[in-house]
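**Student:** The structure under discussion is supplied below as structure tokens; questions concerning it will follow.
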Amino acid sequence: MRIGIIGFGGAGQAHLFYWSCVAGCRVTKIFDPKPAAAGRAAARGASDIFCADEDRFWPDLDAVVVCTPDGSHARYIVAALERGLHVLVEKPLTDSAEGLCAIRRAAAAAPAQVVAVVHQMRFVPLHQKIKALVDAGALGALSYLEGYYVHDLTTRAFANDRWREDDNATPIVYSGCHFVDLLRWLAGEEIVEVFAAAGHRAFPEYPESDLNLVTLKFASGAVGKVLVAFGEPGPQDHTVRVSGREASVRGNLLYRRDGRLGEVLHRPLIFQPPLLRGAGKSGGQSRYRQLRTNLPPYVMARTVEMLRVLARRPDAEYGAANYPVRLYEHSLACVGAIEDFVGTIRDRRPPLCSIEEAGRTVLACIASVESFRMNRAVAVPALDA
């Protein structure tokens, strides 16, 4: 499968690696009209497949991945569909209702083509285990869902380009969509109303706001919360919390009503096979590299797990309550999203994150921006409205 990458900033460069881990696929063209992108392609040994001329880019491709600024996603998706190409697009699907309408019209006119969105949070192993518990009814009726996207962007927000500044990229749309989508998927129901607040004190150089806090009301009456913070010092925090009548998940621990220590749902992976070099792949990582990177957190996590028995009662004043490491296998999840896209094309089945799924997430995020600007609750419109 011949793949073209549109946009060669941070996401585009990452996709050059991701696609090298997928058997039977090869990136054959990279398009970016900005002069600096040519230098990035040269640094990665990809000058021979790079072009700054859009007309030269489109021929002889089977699919494209759109890695451009959010506001331009719709234009490139429509252009690719009109040329009979399958499309994988980085999140969010788009940043406007107008863009969403244009994408849906183009997709309806090209029913044989696949459009999928890289909402990789759905492919994180821990999140898939939580989803399986919810779908099996192990948690009971859900009452509360929570997700954090805390990511210090103060040194990298403008590393490759200043499009976030130029386009006024709002945190809840640009990155908060990760967890709005994840909570929708975990709950298996729609968000009907949002109420949001915004702050701009930690990273004032970022456009409009650097912190968005959104409360979500689901159709069943369950409540959710998504926090997006771009200026908080410290490591990334992608904690998930899902509360049900029978059990709850706090990060990586499953708690039941039996007073025992939480059940560990997932552990750091020493080896991530989809990222390893292998037959039919044009790239990938060595086992030594993965061992060197992944063994230390694995040892730490297992050591702390064994020590948790010294604080047996989680309801005690100093009871064990949290897992010691963050479990967010980012590259593995992104490759999982790509493999789902490729499988969708080959097996003629729907993708895990379609236009309709990603579109509902976009509408909830747009409503959140309206909410914090107007300082009131805002109803989330139905997709067909």
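**Student:** Of the conditions (1) free of Cβ contacts under 8 Å to residues at least 40 places away in the same chain; (2) small (G, A, S); (3) within 18 Å of K131 (Cα to Cα), A316 clears all except one; give me its number.
**Tutor:** Answer for A316: the failing condition is (3).
**Student:** Take the conditions more than 26 Å from V249 (Cβ to Cβ), among the small types (G, A, S) and in contact (Cβ under 8 Å) with a residue 40 or more places away in the chain and apply them to A141. Does it pass? Spell out how you get there, then give the answer.
**Tutor:** On the way: more than 26 Å from V249 (Cβ to Cβ): no; among the small types (G, A, S): yes; in contact (Cβ under 8 Å) with a residue 40 or more places away in the chain: yes.
For A141, the condition - more than 26 Å from V249 (Cβ to Cβ), among the small types (G, A, S) and in contact (Cβ under 8 Å) with a residue 40 or more places away in the chain - is not met.
**Student:** Output yes when any residue across the range 73-80 is under 22 Å from the mean Cα position of the chain (by Cα) and over 25 Å from G336 (Cα atoms), and no when none is.
**Tutor:** The answer is yes; a qualifying residue exists.
**Student:** State whether the residues of the range 80-95 include one that is more than 30 Å from R267 (Cβ to Cβ), among the acidic types (D, E) and in contact (Cβ under 8 Å) with a residue 60 or more places away in the chain.
**Tutor:** As a first pass, look at the range 80-95 and keep what is more than 30 Å from R267 (Cβ to Cβ): 80-87, 89, 92-95.
Then drop every residue that is not among the acidic types (D, E), which leaves 82, 95.
Restricting the remaining residues to those that are in contact (Cβ under 8 Å) with a residue 60 or more places away in the chain gives 95.
Yes; the residues of the range 80-95 include at least one that is more than 30 Å from R267 (Cβ to Cβ), among the acidic types (D, E) and in contact (Cβ under 8 Å) with a residue 60 or more places away in the chain.
**Student:** Residues being small (G, A, S) and closer than 29 Å to G221 by Cα: count how many of those fall in the range 325-379.
**Tutor:** Going through the range 325-379, the residues small (G, A, S) turn out to be 331, 333, 336-337, 343, 354, 358-359, 364, 367-368, 371, 377, 379.
Imposing the further condition that a residue be closer than 29 Å to G221 by Cα reduces the set to 354, 358-359, 364, 367-368, 371, 377, 379.
So the answer is 9.
**Student:** Related question: Of everything in the range 170-192, what is closer than 30 Å to G140 by Cβ and not in a helix (DSSP H, G or I)? Give them in sequence order. Explain how you work it out, then say what you get.
**Tutor:** Restricting attention to the range 170-192, the residues satisfying the condition of being closer than 30 Å to G140 by Cβ are 172, 176-192.
Within the range 170-192, G176, G188, E189, E190, I191, V192 qualify.
**Student:** If you don't mind, there's one more thing I want to ask. Among the residues that make up the range 356-376, is at least one of them modelled with pLDDT of 95 or more, loosely packed, with under 15 Cβ neighbours inside 10 Å and among the aliphatic types (A, V, I, L, M)?
**Tutor:** The answer is yes, given that some residue of the range 356-376 is modelled with pLDDT of 95 or more, loosely packed, with under 15 Cβ neighbours inside 10 Å and among the aliphatic types (A, V, I, L, M).
**Student:** Looking for something part of a helix (DSSP H, G or I), surrounded by 14 or more Cβ atoms within 10 Å (Cβ to Cβ) and among the acidic types (D, E) - is there at least one such residue anywhere in the range 333-343?
**Tutor:** There is at least one residue in the range 333-343 that is part of a helix (DSSP H, G or I), surrounded by 14 or more Cβ atoms within 10 Å (Cβ to Cβ) and among the acidic types (D, E).
**Student:** Determine, yes or no, whether S96 is more than 20 Å from the chain's Cα centre (by Cα), surrounded by fewer than 18 Cβ atoms within 10 Å (Cβ to Cβ) and of a type in the set (S, T, Y). Lay out the reasoning, then the answer.
**Tutor:** Details: more than 20 Å from the chain's Cα centre (by Cα): no; surrounded by fewer than 18 Cβ atoms within 10 Å (Cβ to Cβ): yes; of a type in the set (S, T, Y): yes.
No: the conditions fail for S96.
**Student:** Among what's in the range 78-92 and is among the aliphatic types (A, V, I, L, M) and not in a loop (DSSP other than H, G, I, E, B), pick the residue that is most open to solvent (accessible area, probe 1.4 Å).
**Tutor:** Here is the first cut: in the range 78-92, the ones among the aliphatic types (A, V, I, L, M) are 78-81, 85, 87-89.
Filter once more, keeping what is not in a loop (DSSP other than H, G, I, E, B): 78-81, 87-89.
Values: V78: 31, A79: 12, A80: 0, L81: 10, V87: 0, L88: 1, V89: 0 Å².
Checked the range 78-92; the qualifying residue most open to solvent (accessible area, probe 1.4 Å) is V78.
**Student:** Condition check: over 30 Å from L216 (Cα atoms), over 22 Å from the mean Cα position of the chain (by Cα) and at pLDDT 95 or above. Does Y318 satisfy that? Break it down stepwise before answering.
**Tutor:** Working: over 30 Å from L216 (Cα atoms): yes; over 22 Å from the mean Cα position of the chain (by Cα): yes; at pLDDT 95 or above: no.
For Y318, the condition - over 30 Å from L216 (Cα atoms), over 22 Å from the mean Cα position of the chain (by Cα) and at pLDDT 95 or above - is not met.
**Student:** Taking the range 153-169 as the search range and keeping residues that are assigned to a loop (DSSP other than H, G, I, E, B) and open to solvent by 50 Å² or more (accessible area, probe 1.4 Å), which one is nearest to G71 (Cα to Cα)?
**Tutor:** Applying the first criterion (assigned to a loop (DSSP other than H, G, I, E, B)) to the range 153-169 yields 153-162, 167-169.
Now narrow it down to the ones that are open to solvent by 50 Å² or more (accessible area, probe 1.4 Å): 154-156, 159-160, 162, 167-168.
Details: T154: 22, T155: 23, R156: 20, A159: 19, N160: 17, R162: 13, D167: 7, N168: 10 Å.
Step by step, filter the range 153-169, then rank; the result is D167.
The values are calculated or read from the model by the stated rules, or taken from the named source; none is laboratory data. All values reported here derive from a predicted model rather than from experimental measurement. Here Cβ is always computed from backbone atoms with ideal geometry, including for glycine, and neighbour counts include all displayed protein chains. Note: areas computed on protein heavy atoms with side chains; ligands, DNA, RNA excluded. Shrake-Rupley method; radii C 1.70, N 1.55, O 1.52, S 1.80 Å.
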